Protein chains: 2
Amino acid sequence: MASKAPPIDKRRQILDAAVRVFARQGFHSTRVADIADEAGVAYGLVYHYFKSKDEVLNELFSERWSLLLAAIDEADRSEATPRAKLEAVAGFIVDSYRHEPELMKVIIVEVTRAANSFGRTHLPEIRRAYDSIGKIVADGQAQGAFRGDVDPAFASMSFYGAIEQLLSGWIFDLIPAGDGDFDDAKALVVTAICDGLEPR
Amino acid sequence: MASKAPPIDKRRQILDAAVRVFARQGFHSTRVADIADEAGVAYGLVYHYFKSKDEVLNELFSERWSLLLAAIDEADRSEATPRAKLEAVAGFIVDSYRHEPELMKVIIVEVTRAANSFGRTHLPEIRRAYDSIGKIVADGQAQGAFRGDVDPAFASMSFYGAIEQLLSGWIFDLIPAGDGDFDDAKALVVTAICDGLEPR
DNA sequence: GGACCGATTGACTGGTCAGTCAGCCAGCCC
DNA sequence: GGGCTGGCTGACTGACCAGTCAATCGGTCC
């Protein structure tokens, strides 16, 4: 037989279960027992792998947010136009939602927008994303691709806020979430922010 | 003497105290005793005027949100250009924050963005705001003031999301919040959404 | 076999609050 | 005065749950 029986990764199993339960019930109203049940694992095992219930969510957030930060930086380092860089960022976020809606729901609802709990804890990481987007805008202004009379930090907040609000709209069925809608959305955030609503 | 001694409105006193405490500690980590203490009132009196701790927050939200809905409708009914209507909406929200930052913080952080608790409860009212803004956009499109290739519901989410993210930025000191910054912000959200970032 | 060790189990505890309730008191009317 | 009303008080209770821990299991090595 193989040198090892495939060791089921219980830690991963717990994280995946937590995503599902958090997405369904929200962080505050899920008990640790719910996570354990969903993972098919004993209550105590959650505490074997994680210091606390909070740490489970922190881990989920950090795993995914570091990917986002990397994606933004990669877009920034590319040779593309500023507009294309923003398209790449919007695309990454929208695709993240398309492929893992539950995880993104948890991250947005429980961290990014949870200003009084995890949002505060992770403010530095979250802020890094705003800053990186702001840098893309500032560079765009420096090379004349974007108008110079808009504060980059401000534009960054608007851009990110618009995307996040769209995800919220999908999460709560406020706007349609078909496959084409995702692609439309990517193009449209960028259109709205770069071209504006008024005809040219 | 006057027919009545001025009856201190304890109910109002409790609501005002709740705003301060919720803004400072967040809804989840304020105990009912904190509200009572801040209001200088006995614990039990909170339950004399409100069915539950939740109801205190619900009341705060509904009071203010109905003003917002009224402001949006008024803007919509005016003879102004679509762009000016959006300016009026952005202006109302920004001014609300300027004059009552604590209340707006509570509403945004604890309701509007608290998707798993109060946000869900108040979804219908929140949605009404998105819909009304969407109507302004749709009318603008019908009269040729706005480009027709952007879904109004989508544009509405982007617009509102951008504003809310700015308030979040102020709330968390991510962007400067001087008096001029508020006025700049009003103009800039509208510029960004209507004109776009790219030069014309 | 048996010592050892990390993974796994789940009953139990300690602390925290939301909400209850029995009653106090100030003003008013008869 | 004495009774009534309703705003007001705050000690108390019941429920809930995160986190602990002592015990068990299963594999490995000698």
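Among A:LEU103, A:LEU123, which is surrounded by 20 or more Cβ atoms within 10 Å (Cβ to Cβ), among the aliphatic types (A, V, I, L, M) and either farther than 15 Å from B:ASN116 by Cβ or more than 10 Å from chain B (Cβ to nearest Cβ) (or both)?
After applying the criteria, what remains is A:LEU103.
Of the conditions (1) more than 15 Å from DNA strand D (Cβ to nearest atom); (2) surrounded by 12 or more Cβ atoms within 10 Å (Cβ to Cβ); (3) more than 14 Å from chain B (Cβ to nearest Cβ); (4) not polar (S, T, N, Q), A:ARG83 satisfies every one except a single condition; which number is it?
For A:ARG83, the exception is condition (3).
Do you know which of the residues in segment A:153-170 that are facing chain B (nearest Cβ under 7 Å) and of a type in the set (A, V, I, L, M, F, W, C) is surrounded by the fewest Cβ atoms within 10 Å (Cβ to Cβ)?
A:ALA153
Considering only residues that are of a type in the set (Val, Ile, Thr) and closer than 19 Å to A:GLU125 by Cβ, look in segment A:17-63 and name the one that is nearest to DNA strand D (Cβ to nearest atom).
Ranking the candidates gives A:VAL56 first.
Among the residues of segment A:143-152, is any more than 9 Å from chain B (Cβ to nearest Cβ), modelled with pLDDT under 95 and farther than 18 Å from B:GLY134 by Cβ?
Within segment A:143-152 (the criterion being more than 9 Å from chain B (Cβ to nearest Cβ), modelled with pLDDT under 95 and farther than 18 Å from B:GLY134 by Cβ), the answer is yes, since at least one residue qualifies.
Does segment B:126-140 contain any residue that is facing chain A (nearest Cβ under 8 Å), within 20 Å of B:VAL106 (Cα to Cα) and in contact (Cβ under 8 Å) with a residue 60 or more places away in the chain?
Scanning segment B:126-140 turns up no residue that is facing chain A (nearest Cβ under 8 Å), within 20 Å of B:VAL106 (Cα to Cα) and in contact (Cβ under 8 Å) with a residue 60 or more places away in the chain.
Quick check: anything in segment B:81-100 in contact with a Gly (Cβ under 8 Å, 6 or more places away or on another chain), among the charged types (D, E, K, R) and closer than 28 Å to B:PHE22 by Cα?
Looking through segment B:81-100, none of the residues is in contact with a Gly (Cβ under 8 Å, 6 or more places away or on another chain), among the charged types (D, E, K, R) and closer than 28 Å to B:PHE22 by Cα.
Evaluate the following for A:PHE146: is it of a type outside the set (Gly, Ala, Ser), in a loop (DSSP other than H, G, I, E, B), buried (at least 22 other Cβ atoms within 10 Å of the Cβ) and touching a residue at least 40 places away in the same chain (Cβ under 8 Å)?
yes
Tell me, please, whether a residue that is out of contact with any Phe, Trp or Tyr (no Cβ under 6 Å at 6 or more places or on another chain), closer than 30 Å to B:GLY140 by Cβ and not charged (D, E, K, R) can be found in segment B:43-62.
Yes - at least one qualifying residue is present in segment B:43-62.
Among what's in segment A:109-120 and is part of a helix (DSSP H, G or I) and under 13 Å from the mean Cα position of the chain (by Cα), pick the residue that is farthest from the other protein chains (Cβ to nearest Cβ).
A:VAL111
The values are calculated or read from the model by the stated rules, or taken from the named source; none is laboratory data. Since we're looking at a predicted model, the values are computed, not measured. Don't worry about glycine lacking a Cβ; one is built from the backbone with ideal geometry, like all the others, and counts go over all protein chains shown.
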